[in-house]
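Below is one structure, written out as structure tokens; the observations come after it.
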Amino acid sequence: MNHTVLKYLNPDHVIFSIQSVGWTEVDEMWSFVGSKNQQRWLWHALDPATGKILAYVFDDRKDAAFIKLKTLLKPFGIARFYTDDWGAYQRHLPTHRHTIGQQQTQTIERKHLTLRTRIKRLARKTICFSKLAKMHDIVIGLFINRYEFGVFVWYPNLGHYRWLDGVLEVVNKQNAGKGFEVLPRRWVVERTFA
């Protein structure tokens with residue numbers, strides 16, 4: 001959840017729906033800030049049906065981080081959690097709703113590989129790292145917010161589509177002729193096919 005974006009959004013212009021998720025895979029992912037002695041953990045939960053991240057938290061590898069993540073997951077009404085055998089899961093999830101094992105966590109482990117490939121700060125052996133925990137969280141959080149939570153929304157009264165991080169305006173061509181046309185004010189070149 002991007003709390004910074006939530007501060008600036010107008011609630012009247014936001015359309016969202018929270019769908020119930022029957023089960024989820026939960027895992028934590030190691031990274032570091034400055035040096036490998038300053039560990040930073042990305043805790044996240046994945047919807048296996050869609051392959052999308054439901055919620056995430058940056059923190060240490062302690063129970064408090066999992067409790068934060070569990071709080072973010074409450075609106076989804078999750079009936080079963082699949083995790084590895086890290087103790088925080090066993091201490092804070094009821095046994096009848098918790099399954100330990102690698103069989104049901106393959107999707108989230110694959111997501112780890114994707115994140116490590118796309119975000120070099122998450123690679124195990126890298127020369128690309130953040131010096132500040134705040135910057136580390138911002139860079140990875142922006143990526144997750146854009147590619148996992150990004151929703152293409154049409155604002156009819158404003159006349160444009162909007163992502164969380166930008167605006168795509170629908171611009172009609174002034175001249176119905178063929179070829180290129182430079183649009184005023186926007187410095188955009190447009191091409192039409194006849």
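Where a number appears in this text, it was derived from the coordinates with a stated rule and is not lab data. Predicted model, so just to flag it, every value in this text is computed and none were measured. Counting neighbours? That spans all protein chains shown, and the Cβs are built from the backbone with ideal geometry, glycine included.
Overall, the range 49-146 carries a charge dipole of about 380 debye about its Cα centre when +1 sits on the Cβ of Lys and Arg and -1 on the Cβ of Asp and Glu, all other atoms neutral. Pairs of Cα atoms nearer than 8 Å and 6+ residues apart set the relative contact order; for the range 33-116 it is 23 percent.
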